[in-house]
1. Based on what the data block shows, is B:Phe380 touching a helix residue (DSSP H, G or I) at 6+ places or on another chain (Cβ under 7 Å), within 14 Å of chain A (Cβ to nearest Cβ), farther than 22 Å from B:Trp463 by Cα and of a type in the set (Phe, Trp, Tyr)?
2. Provide a single number: the residues in region A:194-219 that are touching a helix residue (DSSP H, G or I) at 6+ places or on another chain (Cβ under 7 Å) and more than 13 Å from B:Gln180 (Cβ to Cβ).
3. Do you know which residues across region B:489-522 are part of a helix (DSSP H, G or I), more than 13 Å from B:Ala65 (Cβ to Cβ) and of a type in the set (A, V, I, L, M)?
4. Can you work out which of the residues in region A:366-416 that are of a type in the set (D, E, K, R) and in contact (Cβ under 8 Å) with a residue 40 or more places away in the chain is surrounded by the fewest Cβ atoms within 10 Å (Cβ to Cβ)?
5. Here's a check for you: in region A:209-235, which residue that is at the interface with chain B (Cβ under 8 Å from one of its Cβ atoms) and assigned to a loop (DSSP other than H, G, I, E, B) is modelled with the highest pLDDT?
6. Can you tell me which residue in region A:470-495 is farthest from A:Ala368 (Cα to Cα), limited to those that are among the aliphatic types (A, V, I, L, M) and touching a residue at least 40 places away in the same chain (Cβ under 8 Å)?
7. Report the residue count in region B:152-199 for those that are under 19 Å from B:His213 (Cα atoms), in contact with a His (Cβ under 6 Å, 6 or more places away or on another chain) and not hydrophobic (A, V, I, L, M, F, W, C).
There are 2 protein chains.
Amino acid sequence: MSRQTRPSTSRRAWLQQLGRAAGSGAVYAALTQLGLAQASPARADFGLGRAPKGARVLVLGAGLAGLVSAYELQRAGYQVQLLEYQARPGGRCWTLRGGDRYTELGGASQHCEFAPGEYFNPGPWRIPYHHHGVLGYCKRLGVALQPFIQVNHNAYVHGQQAFGGKPQRWRELQADFQGQVSELLAKVVQQHQLDETLSSEDQARLLEALRSHGALDAQGRYRAGEIAAERRGFGPQPGGGVSAAPPHDQPLGLHDVLASGLAGRLDLGSGFEYQMPLFQPVGGMDAIARALAKAVGPRIRYRARVTEIQQDERGVTAQYQDLARPGTPLSVSADWCICTLPLSVLSQVEMRISPALRAAIDAVSYFAAVKVGLQFGRRFWEEDEGIYGGISSTDLAIRTIGYPSHHFHARKGVLLGAYAFGANAYEFSALTPAERVREALRLGAQIHPQYPAEFEHGMAVAWHRHPATLGCFAWWTQAARERHYAQLLRMDGRLILAGEHASLLPAWQEGAVLSAQHAVTALHAKASA
Amino acid sequence: MSRQTRPSTSRRAWLQQLGRAAGSGAVYAALTQLGLAQASPARADFGLGRAPKGARVLVLGAGLAGLVSAYELQRAGYQVQLLEYQARPGGRCWTLRGGDRYTELGGASQHCEFAPGEYFNPGPWRIPYHHHGVLGYCKRLGVALQPFIQVNHNAYVHGQQAFGGKPQRWRELQADFQGQVSELLAKVVQQHQLDETLSSEDQARLLEALRSHGALDAQGRYRAGEIAAERRGFGPQPGGGVSAAPPHDQPLGLHDVLASGLAGRLDLGSGFEYQMPLFQPVGGMDAIARALAKAVGPRIRYRARVTEIQQDERGVTAQYQDLARPGTPLSVSADWCICTLPLSVLSQVEMRISPALRAAIDAVSYFAAVKVGLQFGRRFWEEDEGIYGGISSTDLAIRTIGYPSHHFHARKGVLLGAYAFGANAYEFSALTPAERVREALRLGAQIHPQYPAEFEHGMAVAWHRHPATLGCFAWWTQAARERHYAQLLRMDGRLILAGEHASLLPAWQEGAVLSAQHAVTALHAKASA
């Protein structure tokens, strides 16, 4: 119960998990000092100078950081060789479609049977408007973008103990919270309790602003009626009859809103990374990876498992296993190396690096997250409930239901049926993929009872079981950040790391992109010296 | 000055103009009574029964109301003839593209020279998620929809007297208003001024909710720092250097926010009709009209100017002028008639109708609005300012700058450069089209100084000068609504009116669609009797 009455804590905690406590405290300040911040829109004008004649660079990993590194190095004239463990580019920038097969650690294999045109992004699924690095490459490479709907006023906020477990429309809860809080403050002003704090002119302005902000009536009250209905919506709600319900529903009282524990979940679209507009590539997130891989060209060797990285004063050599032809390890050499393998993987690779960098690599654990994509044969969320895109939030272990921001009015659709993290993610990870899908269905049906009748197919990705990443993203503690982060960014001999783990925007593709730009800049400076 | 210090009044006034004072006070209540409200999502399942054998209906006007009427009547088996004044279907559901010519009253003619793929919707430009009538036809007819971005956290709020005329980012003003107000209320709670109003448990919950809502620190303060920056954004703003600015800008104080007069303009996306998500048809609003016209088929006669409508107990006859072949008026007869001409036009047409309906037609004046579309050769709003879609608001006569929600990262783009209404619209209407474009450029350059260098072509539509509508939308006073509205909806002999003017959602396409469904239902009932 205490969990439900303190929702803002968990929301804050999640925000913290996703960035702030992970080092974002100093994120932009440090980014600025490092020259990594781009608060002004990028004009896709990043670029290195000319490469030294014949200089060769080995790039390990073809996720976004590796692809951007290879792309920029090639543009500058470097000879680039890229090794990638998987059979496709993109890493976590990944889209599952019908026909795909995915085998996780432990051997459980899923065959994707989504209908043609349907897809699911198990990794990143949205791009904030100020992630100019990612947006810049989309622009330069012609990756078409469409808006991603984060806040949907008509989607649900759900708490198991709140309102008898009945999902609330975000719009109503938001209007009632804002209205009741505005009324409360308006009363304080009207009762002259702020006479010593605010001038009478500011008090009058505040009352007027609160009327607008809170949809208050002329007397400063938040009441059932047309003014409140301009915010919370009109008339009978879905499921009600056309003429049976009263024209204006009664708003929730302040106590009910507060006691529900749901008020803290109203800030779904308030954080800098979640504000309007957000974007998604048309057709799936991996459009970015595919465009970059196409630009990089044939210099990507897939299914190459790096086992060892050696270097001396003359160059770098990586040993790798060609997974298509098991046998003697192969090796490839170059003058320089950019290594973008996740720290979770690198900690298991033999490397000739400084003890300080080794300590940095070993200091970071990886955040757990599980996503489940569910295909339904009918878009009941649109047809029955008027929900087009956006997110419903819940305190069930699935945490999030995400509705597609594309193909509106199509027959079928794929929902994000679970976005579990932290403890919930470990519980989901312990299940088989089929069990994860069943659990997402069982829990989600508390919000959408249409689930059992309409379900067709599901895919479940537990990131700690992904063979190429062994986790979702680098989970920096503040202590690790202070002790190891600067080291992680430095050239170590002829090698430098890149990836979201080597950025102050962990979990975001922007972190990988900015980190790659940082790495190639540092490498180019040293190679040109 | 008083105008700037009372922004919420003007915002409220505009909301009222757009609906509430125009009759929306009782809008949904009355809609419900009339069976016109569809608070639950439509499953595109509207439909009449079978038409009486051989029954013929004349539909006047091929705007959305006329098209929906014709479409539904034909589906039921009626023989339909449709007369339209213009050379195209859609009426105000209209999109201007390169090659189009538009001649307004008075003879001023504009040739549209927008680049291929560029367009401008001079009439409606957005569809709320709960306008199930419009959405239902989009679904049924396969009109592809994409999200329309209403609120853009990175767009501007601009007041001539506020902050020295410097545009403010919506995000910063919103964060600072919400933060300062939350801090103010938190202080009141902390100082035990609400001990008699709220239980101690609710006070604790309220403090926690305010921390989340207002981005307050643990002590309940809204301060420069990472917590506030999670809302108002990080680091230097566009135009500043990468490392020159402090990492966290100082938030605005409460007095500055209130005295700016801009707080009332923060509710840009709060009203029921402006909440997320909104939609636009891919490629232009007229996609809806074209899809309906295609479904209706060849029974639309264009360039037919209706001059007289007669009826008796046997049928209805309309006289019309074929504008392509000036000469003797032609006539067409049917058993029934649905007349969707705007009241502004109908008041000049000779009609055999009851005095009560004539009085209703004459009782309504039309709202004035002017829209200007401006094509620029470079998307400086995206490239320089990171604004992708959405709206900047200003107290300049242009009132609104709308950024395209599509073709992100394209080279060129068309902005809504002015959406003037009321007194501003009359001023704009008095200018020639070329002067309107110049004025929109002159004023808009106060917000976007790139205007002069990047401008390519503009189109200006003053709705009071549009020959087919003579105004923007029906401007019902409450008195007229009470006295005449019911009469306007009734069958008058063999004739019934439809259109946004015959709805409780004036100005919205949804009003036209619901009104058409109401009209065909009433007609069918009478015809079947």
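The values are calculated or read from the model by the stated rules, or taken from the named source; none is laboratory data. Source: prediction; values computed, not measured. Every residue, glycine among them, receives a Cβ derived from its backbone with ideal geometry; neighbour counts consider all protein chains shown. Accessible surface is based on the protein model in full, side chains and every heavy atom, while ligands, DNA and RNA are left aside. Shrake-Rupley method; radii C 1.70, N 1.55, O 1.52, S 1.80 Å.
1. On the way: touching a helix residue (DSSP H, G or I) at 6+ places or on another chain (Cβ under 7 Å): yes; within 14 Å of chain A (Cβ to nearest Cβ): yes; farther than 22 Å from B:Trp463 by Cα: yes; of a type in the set (Phe, Trp, Tyr): yes.
Considered against the rule, which asks whether it is touching a helix residue (DSSP H, G or I) at 6+ places or on another chain (Cβ under 7 Å), within 14 Å of chain A (Cβ to nearest Cβ), farther than 22 Å from B:Trp463 by Cα and of a type in the set (Phe, Trp, Tyr), B:Phe380 comes out as yes.
2. Residues of region A:194-219 that are touching a helix residue (DSSP H, G or I) at 6+ places or on another chain (Cβ under 7 Å), as a first pass: A:194, A:198, A:202-203, A:205-217.
Subset that is more than 13 Å from B:Gln180 (Cβ to Cβ): A:203, A:207-208, A:211-212, A:214-217.
Of the residues in region A:194-219, 9 are touching a helix residue (DSSP H, G or I) at 6+ places or on another chain (Cβ under 7 Å) and more than 13 Å from B:Gln180 (Cβ to Cβ).
3. Once the filter is applied, which keeps residues that are part of a helix (DSSP H, G or I), more than 13 Å from B:Ala65 (Cβ to Cβ) and of a type in the set (A, V, I, L, M), region B:489-522 yields only B:Ala522.
4. First, the residues of region A:366-416 that are of a type in the set (D, E, K, R): A:371, A:378-379, A:382-385, A:395, A:399, A:411-412.
Then keep just the ones that are in contact (Cβ under 8 Å) with a residue 40 or more places away in the chain; that gives A:371, A:378, A:384-385, A:395, A:412.
Working: A:Lys371: 29, A:Arg378: 15, A:Asp384: 17, A:Glu385: 24, A:Asp395: 20, A:Lys412: 19.
Out of the qualifying residues, it is A:Arg378.
5. The extreme case among them is A:Ala215.
6. From region A:470-495, those among the aliphatic types (A, V, I, L, M) are A:470, A:474, A:479-480, A:486, A:488-489, A:491, A:495; that's our starting set.
From the residues that got through so far, the ones that are touching a residue at least 40 places away in the same chain (Cβ under 8 Å) too are A:470, A:474, A:480, A:488-489, A:495.
Values: A:Leu470: 9, A:Ala474: 10, A:Ala480: 18, A:Leu488: 22, A:Leu489: 24, A:Leu495: 28 Å.
If we take residues in region A:470-495 being among the aliphatic types (A, V, I, L, M) and touching a residue at least 40 places away in the same chain (Cβ under 8 Å), then A:Leu495 is farthest from A:Ala368 (Cα to Cα).
7. So the answer is 2.
Let's see how each residue does on (1) open to solvent by less than 20 Å² (accessible area, probe 1.4 Å); (2) modelled with pLDDT under 95; (3) in a helix (DSSP H, G or I):
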{"position": "A:Trp94", "(1), (2), (3)": "yes, no, no"}
{"position": "A:Pro116", "(1), (2), (3)": "no, no, no"}
{"position": "A:Val143", "(1), (2), (3)": "yes, no, no"}
{"position": "A:Pro147", "(1), (2), (3)": "yes, no, no"}
{"position": "A:Phe177", "(1), (2), (3)": "yes, no, yes"}
{"position": "A:Gln180", "(1), (2), (3)": "no, no, yes"}
{"position": "A:Leu184", "(1), (2), (3)": "yes, no, yes"}
{"position": "A:Lys187", "(1), (2), (3)": "no, no, yes"}
{"position": "A:His192", "(1), (2), (3)": "no, no, no"}
